[in-house]
Amino acid sequence: MPEFTCLPFAQLSLQQLYELLALRQEVFVVEQDCPYLDADGKDEPAHHLLGYNTQGQLIAYARLLPPGISYPEYASIGRVITAMPARRTGAGKALMRESLQWCRQLYGAVPVKISAQVYLLKFYRSFGFQEVGEEYLEDDIPHIAMVREWK
C-alpha cells in the first residue's frame, strides 16, 4: 500500500510538484487522450495527497479542495489518480480512504462533492458517495456529480 503525505501547495517541494503534475498529465492527458488545461488555478488553495510506493515513486494522488473553491457549500476531491502499475493493487481504495480522512480532518463535517467519471460509479458508491443531478460530458468523458455526507 502507498505511504501517504498530505501537504498544502506552499509546502510541496519542486520535486513533488513536478512528480504530481507529470502523473496528472500521464493519466489524464496522454492515457485518456484528453487535452485540457490542468493548471486551473485550484492547486494553490488545495492540499495535495501524495501516495508513494516502497521505492519512493509517486503512484497515487488526489487534490483536496476546501469549500468555496469548486463548489460553494462542499469540500471536493479531484484529480484522483493511480499510476498504471499500481492499479488493481488496492492503491486506489487506499487513496480514497485517505482522501476522505484528510477532508474530514482539514474541513470538518462539510459534505464532499466530486465530479466522477461514470465508469467509476460503483467504486465511489463504495465510499458513501451518491449521485446528484444528471450525467454530463466533461472533456468528452461522461461524468456525474456525487456527494458524500458525514454521518
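Just order 72-79, 56-63, 34-41 by mean Cβ neighbour count inside 10 Å, highest at the front, would you?
On the way: 72-79: 19.2, 56-63: 21.2, 34-41: 10.1.
So the order, starting with the most tightly packed, is 56-63, 72-79, 34-41.
What distance in nm separates the two pseudo spin-label positions at Q25 and Q55, each 7 Å out from Cα along the beta-carbon direction?
Taking the two extended label points, one gets 2.1 nm.
Which chymotrypsin sites (Phe, Trp or Tyr not before Pro) in segment 87-151 sit in a loop by DSSP (not H, G, I, E or B) and have at most 15 other Cβ atoms within 10 Å of their own Cβ?
Sites meeting the loop and neighbour criteria: W150.
Classify segment 91-151 from the C-alpha gyration tensor, please: rounded if a/c falls under 1.5, else prolate or oblate depending on whether a/b exceeds b/c.
It comes out prolate by the Cα gyration axes.
Apply the Kirkwood formula to the chain: the hydrodynamic radius equals the inverse of the mean of 1/r over all pairs of different alpha-carbon atoms; give it in Å with one decimal.
Answer for the chain: a Kirkwood hydrodynamic radius of 15.6 Å.
For segment 1-139, with only Lys/Arg (+1) and Asp/Glu (-1) charged at the beta-carbon, what is the dipole magnitude about the Cα centre, in debye rounded to 20? Intermediate results must be reported in sequence, preceding the final value.
Working: 12 positive and 16 negative charges, 125 e Å.
With only Lys, Arg, Asp and Glu charged at Cβ, the dipole is about 600 debye.
At 222 nm, what helix-only mean residue ellipticity would the chain give, in deg cm²/dmol to the nearest 500, using -39500 (n - 2.57) for each DSSP H run of four or more?
Value at 222 nm, helices only, nearest 500: -6500 deg cm²/dmol.
Compute the length gained on full extension between W150 and S126: take 0.36 nm times their separation in residues and subtract their Cα-Cα distance, giving the result in nm to one decimal. Present the calculation step by step, with values, prior to reporting the outcome.
Numbers: separation 24, 0.36 × 24 = 8.64 nm, distance 1.42 nm.
Result: 7.2 nm gained on full extension.
So how much slack lies between L17 and T89, counting 0.36 nm per residue of separation and subtracting their Cα-Cα distance, in nm? Display every interim value, and only then the final one.
Values: separation 72, 0.36 × 72 = 25.92 nm, distance 2.44 nm.
Fully extending the segment from L17 to T89 adds 23.5 nm.
What percent does the relative contact order of the chain come to when contacts are Cα pairs within less than 8 Å and at least six residues apart?
Relative contact order for the chain comes out at 19 percent.
Rule-based calculations on the coordinates, nothing more; no lab input. Note that the structure is a prediction, hence the values are computed from the model and not measured. Counting neighbours? That spans all protein chains shown, and the Cβs are built from the backbone with ideal geometry, glycine included.
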